[in-house]
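One structure is given here, and the rest of the page talks about it.
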Amino acid sequence: MKIPFCKTTLGEEEKKAICETIDSGWVVLGPKSKEFEERFADYVGGKHAIFVDSGTAALDLAVKYIKIHRDWKHQASLQVPSLTFAATAEVIVNNGFKPDFVDTETHSLLINQPYLNGIHVHLCGERNKTNAPIYDSAHRIEADDVANSPSIWCYSFYATKNMTTCQGGMIVTNYDKEAEWFRSARDHGLDFGTAERYKGRYKQYDIKFVGYRYKGDDLRASIGIEQLKKLPAMTKRRNEIVNKYNEGLLESNTGNHVYPILVNNRENFMDHMHEKGIQTTVHFRPLHEMTAYKKYALKGTLPNTEWTGEHIVSLPLYPDMTPKEVQYVIDAVKEYD
């Protein structure tokens, strides 16, 4: 049996939606993007959603906004877990801050403190009560999460995520002024968006501030609309697989994007799973052990993160997994034990 780590859930609905968007004659940022933003904001319980071209772009704009408009003007460093993907720390460094890497709990894989002055990561789809100005929610898309939240939420729709637009991301906020700035910042700082300029009589634009080229487009938005329709069913199936894994492996994971376990001798374990035809991966090696980030934290200062980083492995988890495939993975893990 061959079981990949992940499969996309793109199907005939997305193909049809792309063709309809092409036939409409409007493929750039426009009506489909607006519809996708409204539907997504409603799903996660936020007031405003702003479609951008990646989760990294969402994080970068979020950091820029708080740096300019809130309380980070005089900050030297921002807190962030080391156990995360490069994008989370990358946007901190590229905005002139130093990443202040914070240790995580061994089981939850999350930072456990009341407030984080930086970016909190919902790793593997898990969530705890740590409050932060920005949430990296690339691994978590759950209904009503953003309701009444004062934070800026950043989502990713990369191909491996719980829903995908192939490439793309979303910023969600409950504040009007933030949303207005994000919409302009993603499109070079222009006061009129693409649809406003080119639908009907052309409108001359002004550039309110130096912006960025981070906007999404209607082709990807049309995919996102169809994926969002499927998301409740896909989430339900992911939760069923997580529960089955928990039951079979005596774990208690609750996140449904990635299913991590901790093993002795990771390389041997991954070799064993590969021989069984099961693809596994690692989420993640600690960033402060990577060449580019070693200067920001000394080895030994994040003991939980470092231990986890040597033992963590992610098992396959995607909605199209059959009960037989799930059981096969469980049996292979137990056979190694």
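Points worth noting:
- The lone exception for Lys98 - which of (1) touching a Ser or Thr at 6+ places or on another chain (Cβ under 9 Å); (2) surrounded by fewer than 23 Cβ atoms within 10 Å (Cβ to Cβ); (3) under 22 Å from Ala49 (Cα atoms) it fails: (3)
- From the options Val146, Val121, residue that is under 28 Å from His311 (Cα atoms) and buried (at least 21 other Cβ atoms within 10 Å of the Cβ): Val121
- Of the residues Arg186, Arg213, the single one that is in contact with a strand residue (DSSP E or B) (Cβ under 9 Å, 6 or more places away or on another chain) and surrounded by fewer than 16 Cβ atoms within 10 Å (Cβ to Cβ) is Arg213.
- Scanning the range 152-182 for residues that are surrounded by fewer than 20 Cβ atoms within 10 Å (Cβ to Cβ) and either outside any strand (DSSP E or B) or basic (Lys, Arg) (or both) yields Ala159, Thr160, Gln167, Asn174, Tyr175, Asp176, Lys177, Glu180.
- Filter pass, Leu83 being under 22 Å from Pro286 (Cβ atoms), under 21 Å from the mean Cα position of the chain (by Cα) and either without any contact (Cβ under 8 Å) to a residue 12 or more places away in the chain or surrounded by 21 or more Cβ atoms within 10 Å (Cβ to Cβ) (or both): yes
- Of residues in the range 124-143 being in contact with a helix residue (DSSP H, G or I) (Cβ under 8 Å, 6 or more places away or on another chain) and outside any loop (DSSP other than H, G, I, E, B), the one surrounded by the fewest Cβ atoms within 10 Å (Cβ to Cβ): Ile134
- In the range 117-132, the condition of being of a type in the set (Ser, Thr, Tyr) and under 28 Å from Tyr296 (Cα atoms) is met by at least one residue.
- Test result for Ser222, within 30 Å of Glu14 (Cα to Cα), in the same structural domain as Gly96 (by TED's automatic domain parsing) and touching a residue at least 24 places away in the same chain (Cβ under 8 Å): yes
- Test: Lys215 is on the phi < 0 side of the Ramachandran plot and more than 20 Å from the chain's Cα centre (by Cα): no
- Checking each residue in the range 183-212 for being polar (S, T, N, Q) and not in a loop (DSSP other than H, G, I, E, B) picks out Ser184, Thr194.
- Members of the range 15-26 that are buried (at least 16 other Cβ atoms within 10 Å of the Cβ) and either modelled with pLDDT of 95 or more or not assigned by TED's automatic domain parsing to the domain that holds Phe51 (or both): Ala17, Ile18, Thr21
- Any hit, the range 49-64, residues being farther than 25 Å from Ala195 by Cα, assigned to a loop (DSSP other than H, G, I, E, B) and not aromatic (Phe, Trp, Tyr): no
- Hey, Asp337 touching a residue at least 24 places away in the same chain (Cβ under 8 Å), out of contact with any helix residue (DSSP H, G or I) (no Cβ under 6 Å at 6 or more places or on another chain) and either closer than 23 Å to Thr165 by Cα or surrounded by fewer than 14 Cβ atoms within 10 Å (Cβ to Cβ) (or both) or not: no
- Of all the numbered requirements in (1) touching a residue at least 24 places away in the same chain (Cβ under 8 Å); (2) over 19 Å from Arg140 (Cβ atoms); (3) surrounded by fewer than 21 Cβ atoms within 10 Å (Cβ to Cβ); (4) in contact with a helix residue (DSSP H, G or I) (Cβ under 7 Å, 6 or more places away or on another chain), Lys73 misses one, and that requirement is (1).
- Tally, over the range 12-26, of residues that are part of a loop (DSSP other than H, G, I, E, B) and free of Cβ contacts under 8 Å to residues at least 40 places away in the same chain: 1
- Taking the criterion of being at pLDDT 95 or above and touching a Leu at 6+ places or on another chain (Cβ under 9 Å), the residues of the range 117-129 that qualify are Asn117, Gly118, Ile119, His120, Val121, His122, Leu123, Cys124, Glu126.
- In the range 27-44, the residues that are over 19 Å from Asp144 (Cα atoms) form Cβ pairs under 8 Å with partners that are part of a loop (DSSP other than H, G, I, E, B) and not small (Gly, Ala, Ser), at six or more places apart or across chains, as follows: Val27/Asp217; Val28/Asp217; Leu29/Asp217; Gly30/Lys199; Lys32/Trp26; Ser33/Asp217.
The values are calculated or read from the model by the stated rules, or taken from the named source; none is laboratory data. In this text the structure is predicted, and so the values were computed from the model without any measurement. So basically every Cβ, Gly included, is an ideal-geometry build from the backbone, and we count neighbours across all protein chains shown.
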